[in-house]
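As structure tokens, the structure follows; a few thoughts come after it.
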Amino acid sequence: MDGPRFRDPQIRLGNLAAEPILIVCPRCSGRASVTHERLTCAGCALVRVPPEPHYHVWNRPIDPFFREPLWLRADCCGGNTLWAFHERHLDLLERFVAAKLRERGLGNRPGMTLVARLPAWITTAKHRDEILRTIAKLRATLS
Ligand SMILES: [Zn+2]
């Protein structure tokens with residue numbers, strides 16, 4: 001269904017963080033989620049509010065608010081870590097990597113979008129198959 005062409009949807013990591021981010025629960029190691037104001041785990045009923053002082057950490061395989069390890073993360077392509085906040089983030093990465101023709105869009109600040117900031121190992125065509133396999137493996141952990 002996906003065409004060969006990918007157009008940068010002009011999404012920033014901060015936009016994706018407006019939806020619950022999946023993390024590894026610090027108490028039961030199950031799948032928990034965080035928002036900017038709360039960590040909750042359906043498995044063990046853990047509820048936490050963010051630590052003080054409350055500053056955000058971005059572009060690492062941890063959530064920006066509590067700095068817990070992301071649920072969706074895996075070793076990929078020789079020592080790199082593929083990571084995503086949630087399924088929509090995973091979808092975006094998959095569509096980008098699967099596309100043969102990529103358009104980065106003409107936004108006011110295209111250098112700031114998530115797609116524009118992807119590291120070189122993700123944008124390299126030779127890594128396409130391995131990355132898509134890793135994304136499929138991560139997606140399987142969501143069911
Ligand atoms: Zn838990």
Qualifying position, being in contact with a helix residue (DSSP H, G or I) (Cβ under 7 Å, 6 or more places away or on another chain), under 27 Å from Val34 (Cβ atoms) and not in a strand (DSSP E or B), among Leu142, Leu82, Leu92:
Leu142
Enumerate the pairs (first residue in region 45-56 and charged (D, E, K, R); second residue anywhere and near the ligand (Cβ under 10 Å from one of its atoms)) with beta-carbon separation below 7 Å, excluding pairs fewer than 6 apart on the same chain, so at least 6 apart or on different chains.
Arg48/Leu39
Go through (1) part of a loop (DSSP other than H, G, I, E, B); (2) at pLDDT 95 or above for His36 and report which single condition fails.
(2)
Just give me the residues in region 58-91 being in contact with a Phe, Trp or Tyr (Cβ under 7 Å, 6 or more places away or on another chain) and open to solvent by less than 70 Å² (accessible area, probe 1.4 Å), in sequence order.
Pro61, Pro64, Leu70, Leu72, Cys77, Asn80
Filter result (closer than 26 Å to Met112 by Cβ, assigned to a loop (DSSP other than H, G, I, E, B) and within 16 Å of the ligand (Cβ to nearest atom)) within region 1-33:
Pro20
Among the numbered criteria (1) more than 16 Å from Leu13 (Cβ to Cβ); (2) under 14 Å from the mean Cα position of the chain (by Cα), which one does Val34 miss?
(1)
State the number of residues belonging to region 50-74 that are in a loop (DSSP other than H, G, I, E, B) and either within 16 Å of the ligand (Cβ to nearest atom) or of a type in the set (S, T, N, Q) (or both).
5
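The values are calculated or read from the model by the stated rules, or taken from the named source; none is laboratory data. What you are looking at is a predicted structure, and each value in this text was computed from that prediction instead of being measured. Cβ: placed from backbone, ideal geometry, glycine included. Neighbour counts: every protein chain shown. Quick note on the areas: whole protein, heavy atoms, side chains included, nothing else; ligands and nucleic acids left out. Shrake-Rupley method; radii C 1.70, N 1.55, O 1.52, S 1.80 Å.
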